[in-house]
């Protein structure tokens with residue numbers, strides 16, 4: 001199957017599963033309480049439903065598929081990866097953080113629902129992600145140590161050593177013009193790479209992958225995660241707000257060091273290509289499945305939004 | 001052992017364990033990145049370290065003790081209950097929510113660390129709670145379904161049907177003078193009761209309690225959770241800011257319906273006593289351990305802050 005068709009098919013599967021998972025939460029209350037819970041669920045669905053690439057959950061499905069795991073088994077965990085991503089998008093956009101009014105071409109969550117409900121919706125998505133990974137562990141009938149390992153990986157990828165830590169560094173190093181490429185690497189490995197690597201590793205763990213295979217998926221995830229961020233930095237400087245669906249040039253306005261500002265467009269493009277080439281080598285030994293992961297890596301550097 | 005001595009001893013155990021759990025996260029990075037991660041960890045420790053009663057983790061320890069579980073086994077899960085509580089305190093105080101400048105007599109987290117870091121610290125505490133419950137499940141050697149049940153309970157108590165949902169209702173029903181006691185009950189059962197019930201049930205589950213015992217602990221938790229909130233409403237109207245360590249009279253300023261405004265002081269006091277009496281009946285069958293839970297229930301209505 002061509003990658004474009006594969007992506008389209010998997011995205012449709014994930015969109016449907018996400019809608020089902022979030023509509024089945026909350027409610028059961030009438031009156032003022034029921035109205036408030038419905039509003040919270042609307043806020044959760046709003047940013048989840050914005051037309052995304054669903055890259056992270058697709059990586060989870062692809063990794064699980066490579067290990068022969070049934071799609072229904074892995075689907076909740078795949079949706080959890082998107083929920084964690086959307087948790088971070090909602091909070092990123094808030095006034096206390098990046099203060100962005102647009103997300104994927106639509107008003108940010110807090111512009112529609114207010115800051116308080118946007119915050120609670122983001123919390124609820126992070127929280128629900130644990131339930132969904134747990135559900136996949138049940139469906140895969142993982143024994144206790146493996147199931148707990150899987151959930152602990154989620155904690156690590158989100159926490160101080162992952163997404164949240166990367167966000168903290170990103171915020172506290174704004175306007176520092178002395179950032180080295182090594183610092184940028186640390187920020188993005190944590191802020192973007194950790195969740196992408198997690199998405200692959202959770203899929204592989206549901207398929208009881210051997211430690212060697214897990215390590216390869218993790219490394220592949222880290223490399224394409226970094227490539228993804230390098231491309232993001234390029235696009236922020238070269239594409240319009242209309243194409244991006246979020247304000248273009250926002251990094252420059254924040255005087256934040258980026259791969260683009262450090263390496264220039266040609267240098268950043270070369271770095272992205274190099275990372276993708278290394279990512280492809282990492283999965284070369286996956287045999288028949290390597291081709292899919294090669295195409296996914298190419299997709300990351302070739303995208304325009 | 002007298003309750004006062006028991007509370008003091010357990011609080012010391014929890015304070016030490018919390019400090020160890022949070023100081024062992026993050027770091028390992030130097031320079032700008034290391035500084036930022038250290039700041040995030042400081043923000044997490046700041047609100048965790050404010051002198052609290054540690055009621056929730058003490059309930060977890062007490063429930064586990066009643067079932068013969070070793071203290072070292074249950075300690076991480078007990079700390080998780082406090083981390084979840086502190087996550088909600090940090091967010092409650094933020095300008096988008098209650099906008100309180102004081103917490104336990106000290107400046108709120110966001111007044112010290114800024115809103116962005118306060119938010120990330122709260123996220124990191126919620127996230128870490130999962131790791132700590134998972135650690136206790138490992139130490140208790142729970143088999144997969146029981147371990148996953150335990151983690152799913154955490155998700156339910158925090159999520160749209162628990163703490164976060166209760167917070168959403170509380171926010172969206174502010175200034176509604178038509179709230180019934182049933183609405184208040186729903187709000188507080190979710191916002192306060194769910195986490196208190198969880199604290200007991202997690203302790204009991206680590207001890208592989210029978211379903212009947214779990215149900216009793218859950219019901220006891222719900223009842224003392226509601227009593228706790230009724231007493232909170234009374235104290236907010238009758239004690240000074242100095243004694244409370246947070247601005248007194250804040251409910252009245254928000255025109256928020258409370259047990260105090262609905263029932264009056266005498267009525268609210270009677271309701272708290274009635275809830276505690278029912279809670280005591282619920283655990284009467286716990287035999288030798290009932291006495292401790294009776295004393296804990298009395299402590300909740302007799303407290304002054």
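Some observations on this one:
- Positions within segment A:126-141 being assigned to a helix (DSSP H, G or I), over 19 Å from the mean Cα position of the chain (by Cα) and without any contact (Cβ under 8 Å) to a residue 40 or more places away in the chain, in sequence order: A:138
- Qualifying residue in segment B:231-244 (condition: in contact with a strand residue (DSSP E or B) (Cβ under 7 Å, 6 or more places away or on another chain), modelled with pLDDT under 85 and under 16 Å from residue B:303 (Cβ atoms)): no
- Residue satisfying condition, being surrounded by fewer than 24 Cβ atoms within 10 Å (Cβ to Cβ), within 12 Å of another protein chain (Cβ to nearest Cβ), assigned to a helix (DSSP H, G or I) and in contact with a helix residue (DSSP H, G or I) (Cβ under 9 Å, 6 or more places away or on another chain), within set A:92, A:123: A:92
- With respect to (1) at pLDDT 95 or above; (2) out of contact with any strand residue (DSSP E or B) (no Cβ under 8 Å at 6 or more places or on another chain); (3) within 13 Å of chain B (Cβ to nearest Cβ), the lone exception for residue A:29 is condition (1).
- Any hit, segment B:100-113, residues being part of a helix (DSSP H, G or I), free of Cβ contacts under 8 Å to residues at least 40 places away in the same chain and more than 9 Å from chain A (Cβ to nearest Cβ): yes
- Sole residue being more than 15 Å from the chain's Cα centre (by Cα) and at pLDDT below 95, chosen from A:146, A:99: A:99
- Of all residues in segment A:48-63, at least one satisfies being touching a strand residue (DSSP E or B) at 6+ places or on another chain (Cβ under 7 Å) and farther than 16 Å from residue A:197 by Cα.
- Single residue of segment B:152-192 satisfying the filter (at pLDDT 95 or above and not in a helix (DSSP H, G or I)) that is farthest from the other protein chains (Cβ to nearest Cβ): B:162
- Residue within segment A:290-305 that is surrounded by fewer than 18 Cβ atoms within 10 Å (Cβ to Cβ), more than 20 Å from the chain's Cα centre (by Cα) and modelled with pLDDT of 80 or more present: yes
- Per this entry, residue B:23 is counted among residues that are more than 10 Å from every other protein chain (Cβ to nearest Cβ) and either buried (at least 19 other Cβ atoms within 10 Å of the Cβ) or in contact with a helix residue (DSSP H, G or I) (Cβ under 9 Å, 6 or more places away or on another chain) (or both).
- Residues that are assigned to a loop (DSSP other than H, G, I, E, B) and either buried (at least 16 other Cβ atoms within 10 Å of the Cβ) or touching a residue at least 24 places away in the same chain (Cβ under 8 Å) (or both) within segment B:28-69 comprise B:29, B:50, B:51, B:52, B:53, B:54, B:67, B:68, B:69, listed in sequence order.
- Residue, farthest from residue A:300 (Cα to Cα), within segment A:207-230, restricted to residues that are part of a loop (DSSP other than H, G, I, E, B) and touching a helix residue (DSSP H, G or I) at 6+ places or on another chain (Cβ under 8 Å): A:208
The values are calculated or read from the model by the stated rules, or taken from the named source; none is laboratory data. This is a predicted model, so every value here is computed, not measured. Counting neighbours? That spans all protein chains shown, and the Cβs are built from the backbone with ideal geometry, glycine included.
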